[in-house]
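Let me begin by presenting the structure, written as structure tokens, before commenting on it.
The numbers here are math on the coordinates, done by the rules we state, and not lab data. Only a predicted model underlies this, so the values are computations on that prediction, with no experimental measurement involved. Neighbour counts run over all protein chains shown; Cβ positions are idealised from the backbone, glycine included.
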Amino acid sequence: MYNEKVIEEFRNPKNVGELENANAVGQVGNATCGDIMKIFMVIEDNIIKDVSFQTFGCTAAIATSSVATEMIKGKTVDEALKITNAQVVEELGGLPAQKLHCSVLAEEAIKAAVNDYLQNYKAKQA
Ligand code: FES
């Protein structure tokens with residue numbers, strides 16, 4: 001059901017865990033399946049210097065978390081906000097149709113973390 005890239009990312013996910021010095025944290029969940037994705041970022045001068053995730057979810061959710069964090073590392077917050085779940089799926093080489101919704105968590109978690117930074121951290125510095 002899953003392609004090799006998805007299985008590889010699930011077995012050896014990158015950027016797993018919590019970043020203690022994170023200044024941006026976003027958590028989202030899927031009410032239907034109950035899966036939860038949390039993304040941590042260290043942002044300096046609008047650049048995502050480091051990023052990690054903790055996902056309690058299915059194979060597709062773990063794999064999308066892994067590639068999504070790789071896709072935004074080193075990017076500006078504006079670039080990260082433009083990442084779509086379709087791009088994450090493309091990076092994975094596709095997902096089964098019934099698993100496409102899992103990739104939405106990655107897009108939403110990135111947006112939630114960046115918004116946390118913009119609203120809570122950056123706003124306080126201004
Ligand atoms: Fe819940 Fe995949 S089934 S995120």
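Quick check: anything in the stretch 38-52 within 22 Å of Tyr121 (Cβ to Cβ), in contact with a Gly (Cβ under 6 Å, 6 or more places away or on another chain) and not polar (S, T, N, Q)?
Our first condition is that a residue be within 22 Å of Tyr121 (Cβ to Cβ); within the stretch 38-52, this holds for 38-52.
From what's left, in contact with a Gly (Cβ under 6 Å, 6 or more places away or on another chain): 39, 52.
Add one more test, that the residue is not polar (S, T, N, Q), and what stays is 39.
The answer is yes, given that some residue of the stretch 38-52 is within 22 Å of Tyr121 (Cβ to Cβ), in contact with a Gly (Cβ under 6 Å, 6 or more places away or on another chain) and not polar (S, T, N, Q).
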Exactly one of Ser66, Ser103 is within 16 Å of the ligand (Cβ to nearest atom), closer than 15 Å to Asn15 by Cα, touching a helix residue (DSSP H, G or I) at 6+ places or on another chain (Cβ under 6 Å) and in a helix (DSSP H, G or I), and that residue is Ser66
- Item | Check on Cys58, within 16 Å of the ligand (Cβ to nearest atom) and either over 18 Å from Asn3 (Cβ atoms) or of a type in the set (Phe, Trp, Tyr) (or both) | no
Condition (residue is within 11 Å of the ligand (Cβ to nearest atom), among the hydrophobic types (A, V, I, L, M, F, W, C), surrounded by 15 or more Cβ atoms within 10 Å (Cβ to Cβ) and in contact (Cβ under 8 Å) with a residue 60 or more places away in the chain) applied to the stretch 72-94: is it met by at least one residue? no
Of (1) without any contact (Cβ under 8 Å) to a residue 24 or more places away in the chain; (2) assigned to a strand (DSSP E or B); (3) closer than 16 Å to Leu105 by Cα, Val42 fails just (3)
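Kindly establish whether Ser52 is under 16 Å from Asn15 (Cβ atoms), touching a residue at least 24 places away in the same chain (Cβ under 8 Å), within 9 Å of the chain's Cα centre (by Cα) and in a strand (DSSP E or B). Walk me through it before giving the result.
Working: under 16 Å from Asn15 (Cβ atoms): yes; touching a residue at least 24 places away in the same chain (Cβ under 8 Å): yes; within 9 Å of the chain's Cα centre (by Cα): yes; in a strand (DSSP E or B): yes.
Here the answer is yes, as Ser52 does meet what is asked.
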